[in-house]
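Everything on this sheet refers to the single structure shown next.
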Amino acid sequence: MNRINQKLEEDKKLLSIYFTAGYPDINDTVTIIQDLEKNGVDMIEIGLPFSDPLADGPTIQDSSTQALKNGMTTEVLFNQLKDIRKTVNIPLIIMGYFNPMLQYGVEAFCKKCSEIGIDGLIIPDLPVDVYHEEYQTIFEKYGLINVFLITPQTSVERINFIDSVSNGFIYMVSSASVTGSKKGFGSDQEVYFKRISNMDLKNPQIIGFGISDNKTFTQATNFAKGAIIGSAFIKFISENSIDDIPNFVTSIR
Amino acid sequence: MLRCVRNDEKEKTMNYNVNEKGYYGEFGGAFIPEMLYPNVEELRQNYLKIMAEPDFQAEFNQLLKDYVGRPSPLYFAKRLSEKYNTKIYLKREDLNHTGAHKINNTIGQILMAQRLGKTRIIAETGAGQHGVATATVCALMGLECIVYMGEIDIARQAPNVARMKMLGAKVVPALSGSRTLKDATNEAIRDWINNPVNTHYIIGSAIGPHPYPDMVTRFQAIVSEEIKWQLKEVEGRENPDYVVACIGGGSNAAGTYYHFLHEPDVGIIAVEAAGLGIDSGESAATSVLGKEGIIHGCKTLLMQTKDGQITEPYSISAGLDYPGVGPMHAHLAKTGRAEFMSITDSDAMEAGLELSKLEGIIPAIETSHALAIFNYKTFKPDDVVVLNLSGRGDKDLQNYIDYFKI
């Protein structure tokens, strides 16, 4: 069974953290992953940096630009992660834009992920329809879970389609925004969280975008299986150091 | 003989228009984050229907005539023709209101936005021509207008920034990446993600997720539609031997080619910016230097690293300084339907000066790239070559002054 599915069966609310590989320092990748697991994080999204991250706000953009300047590439990331399963057990997901994967070769990319022990992928600019028609069989061949996003504007029909194509969890974007732009949740979000929760989807939902502290984590997980923190974590390690990761994680729950 | 027949058949069956899935051959599609899906899908479902409505047609045509000043003349460039010993016609898009072909598309898209009930307009701009054309139609229709422009471009295109502000637009600097056109486009897309309900994004070129390349092409297709009847009047035939246009993203080229794509007798020539030279590392010749990939929501040819990171192009012309090319053009390049040429900064500048002296027309530097091909490609004396004079050179005066130490 895929580690993501196992984790989703645990009777707890999941904390997932996103970070950009190669930031702040090119060689921080493995240390960050290990420290996050040690401090009780349930799942990690490893960001493969891209020059033109359309769905990201300034915090993740800047970390991506810096990571690329530091020399991060697809090949470097795979090399850094080659022994990761000797020390890390929690689910690992690579989150990145489609072009670098396309250039690496989608099948070669999936094969490499499977060899390393990556459990899933999040590719914001690979729409579910294209995935379903062209790539789903490749992902399944290598046992990879592909995670799709939904937003408050996604139609019921499309949510049901995404649910039918998914076999892990649904990434529920909290509001219409790029990453890192909203602070806190209002009644609009609660209505939306409840609406999705009441749809009784096959896949559990994990909420992302706008989760930055204990309050927003608690609000989100009232309605969903877990929550993802990205920009707030990147901001924290920019302002502090990766040695302070325990402080960040304990502040969330 | 047999081979000849087979080629003819291939020519006839090859389709250069977009298919129902949004692809030109293998290029195109809509590679967008889910946050943009409702907007793009709304547009996809409605654009052809709206464009076919009689009241849309009537308003579009009336504005093109009375506001833009169409039809733009098809001018026989006598002295230029004599010099290069062929028959050169210039399609005078430079005489349009706001000085370029860009307004054809912004008029069409503002009418589209109104019919979709949108109240807020966003756009990206490089040199500022598309930004000005967007700000103009927003003023005309009384809609809020936000234009994203790279911080570097804002500094080097001050007159166009002032024009947009006079027209009531808000100009927002793009501070990410190289702070030029590519980054302005990223920022506009992010704005659209943040404002998914009331906002329409007027993309200025034949790029972006489907249906944008097709929609922009259809709004620009008025250029080739007019060429056909104008040429019939003066030459007695609708089809020239060649159509020529410069290409950045490719909107003026798309409009110039559109009605000739399936006319095998018409040669199509696309002129890219070579910058300091194809091999200099400072170039924007995407068809030569690009590889298939994804940029701004479509699969096309783009300049990128081996690793799939999009690289920074270079051209003296801000309008051609883009690392991708529209998916229709990628298909024309791949199938060989169009001949792609690339012209350096210095050849383009000389060609701009030459047209000024021979014909009394100062062209935009983008257009000057197309004009420079006559030094590299020989046409027959009775060939009819129609070149889209896509924009006027007023905006480039400072560049010309600096370059020629005028």
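Bear in mind these aren't lab numbers, they're just calculated from the coordinates by the rules spelled out. Here the structure is a predicted model, which is why all the values come from computation and not from measurement. Cβ sites come from the backbone with ideal geometry, for glycine too, and all protein chains shown count toward neighbours.
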**OP:** Kindly state, to the nearest 0.05, the FRET efficiency for A:LYS202 paired with A:SER241, given R0 = 41 Å and r defined as their beta-carbon distance.
**Re:** 0.50
**OP:** Beyond 35 Å, what share of the Cα-Cα pairs of chain B is found? Please give it as a whole percent.
**Re:** 20
Original post:
Any idea how far apart B:GLN57 and B:THR378 come out in nm if each label point goes 7 Å out from Cα toward Cβ?
Top reply: 4.7
**OP:** Mind checking the range A:125-194 for trypsin sites (Lys or Arg not before Pro) that DSSP puts in a loop (not H, G, I, E or B) and that have at most 15 other Cβ atoms within 10 Å?
**Re:** A:LYS183
**OP:** Considering the options A:GLN136, A:MET199, A:TYR97, tell which one lies farthest towards the positive end of the dipole of the range A:3-252, charges being +1 on Lys and Arg and -1 on Asp and Glu at the Cβ, about the Cα centre.
**Re:** A:MET199
Subject >> Cut-off under 5 Å, modelled amide H: who pairs with B:GLN304 long-range >> reply: B:LYS291, B:THR311
Original post:
Can you give the Kirkwood hydrodynamic radius for the range B:222-282, in Å, rounded to one decimal and based on Cα pairs?
Top reply: 12.7
Subject >> Relative contact order (percent, whole number), chain B, Cα cutoff 8 Å, 6+ residue spacing >> reply: 19
Subject >> Antiparallel %, DSSP beta bridges [both residues in the protein assembly as shown], to 5 >> reply: 20
Original post:
Mind checking which helices in chain B clear 15 Å along their axis (Cα) and have mean Kyte-Doolittle hydropathy of 1.0 or more, DSSP H runs only?
Top reply: B:129-141
Original post:
Can you list residues whose amide H is under 5 Å from B:VAL266's amide H, if they're 5+ apart or on another chain and H is modeled 1.01 Å from N?
Top reply: none
Original post:
B:HIS97 to A:ASP188: FRET efficiency via 1/(1 + (r/R0)^6), r the Cβ-Cβ distance, R0 30 Å, to the nearest 0.05?
Top reply: 0.10
Original post:
Which ³J(HN,Hα) values, rounded to whole Hz and listed in residue order, are derived for the range B:171-180 from phi using the Karplus coefficients 6.51, -1.76 and 1.60 in 6.51 cos²θ - 1.76 cosθ + 1.60 with θ = phi - 60°, glycine and proline given as x?
Top reply: 9, 10, x, 8, 9, 8, x, 8, 6, 10
Original post:
Counting pairs of alpha carbon atoms under 8 Å apart in space and at least six apart in sequence, what relative contact order in percent does the range B:205-307 give?
Top reply: 23
**OP:** Restricting things to alpha carbons, find the Rg to Rh ratio for the range A:127-225 using the Kirkwood radius for Rh.
**Re:** 0.99
Original post:
On the first, second and third principal axes, largest extent first, how far apart are the outermost C-alpha atoms of the range A:3-252 in Å?
Top reply: 43, 41, 34
**OP:** For the protein assembly as shown, report the translational diffusion coefficient in µm²/s to the nearest whole number, using Stokes-Einstein at 20 °C, 1.002 mPa s, and a Kirkwood Rh over Cα pairs.
**Re:** 83
Original post:
Once label points are set 7 Å from the Cα along Cα→Cβ at both A:ASN160 and B:THR311, what is their separation, rounded to one decimal in nm?
Top reply: 4.8
Subject >> In sequence order, calculated HN-Hα J values of the range A:212-218 (Karplus, 6.51, -1.76, 1.60; Hz; x Gly/Pro) >> reply: 9, 7, 4, 5, 6, 5, 5
Original post:
Of B:LYS291/B:LYS334; B:LYS65/B:LYS170; B:LYS232/B:LYS357; A:LYS183/A:LYS215, which sit over 18 Å apart, Cα to Cα?
Top reply: B:LYS65/B:LYS170; B:LYS232/B:LYS357
Original post:
Share of antiparallel DSSP beta bridges in chain B, in percent to the nearest 5?
Top reply: 30
Original post:
Which of A:THR218, B:THR367, A:THR137, B:THR86 comes first, and how do the rest follow, when ranked by fewest Cβ neighbours within 10 Å?
Top reply: A:THR137, A:THR218, B:THR86, B:THR367
Original post:
Which Rg and Dmax, in Å, describe the Cα atoms of the range B:124-239?
Top reply: 16.7, 53
Original post:
Can you list the HN-Hα couplings for the range B:301-307, worked out from phi with the Karplus curve (6.51, -1.76, 1.60; θ = phi - 60°), rounded to whole Hz and with x for Gly and Pro?
Top reply: 8, 8, 7, 7, 6, 4, 8
**OP:** As a check on your grasp of the helix formula, calculate [θ] at 222 nm for chain A: sum -39500 (n - 2.57) over DSSP H runs of n ≥ 4, divide by the residue count, round to the nearest 500.
**Re:** -11500 deg cm²/dmol
Subject >> Ranked list, fewest to most other Cβ atoms within 10 Å of each Cβ, for A:SER51, A:SER187, A:SER181 >> reply: A:SER187, A:SER181, A:SER51
Original post:
P(r) for the range A:169-253: what percent of alpha-carbon pairs falls in each 5 Å bin, starting at zero?
Top reply: 3, 15, 26, 23, 16, 10, 5, 2, 0
Subject >> the range A:3-252 - percent relative contact order, Cα under 8 Å, separation 6 or more >> reply: 22
Original post:
Across the range B:99-178, how large is the tail of the calculated P(r) beyond 14 Å, expressed as a percent of all Cα pairs?
Top reply: 56
Original post:
How high is the FRET efficiency between B:LYS232 and B:ALA155 when r is their beta carbon distance and R₀ equals 60 Å, given to the nearest 0.05?
Top reply: 0.85
**OP:** Report the dimensions of the range B:303-406 along its three principal axes from the alpha-carbon atoms, largest first, rounded to Å.
**Re:** 45, 38, 20
Subject >> Amide H partners (placed H, <5 Å) of A:GLY226, local residues excluded >> reply: A:LEU14, A:ILE207
Original post:
Order of B:HIS331, B:HIS259, B:HIS369, B:HIS101 from fewest to most other C-beta atoms within 10 Å?
Top reply: B:HIS259, B:HIS331, B:HIS101, B:HIS369
**OP:** Could you pull out every one of the aspartates and glutamates with an alpha carbon less than 14 Å from that of B:LYS118, ignoring same-chain neighbours closer than 8 positions?
**Re:** B:GLU42, B:GLU144
**OP:** Could you work out how far the C-alpha centroid of the range B:227-249 sits from that of the range A:17-59, in angstrom?
**Re:** 54
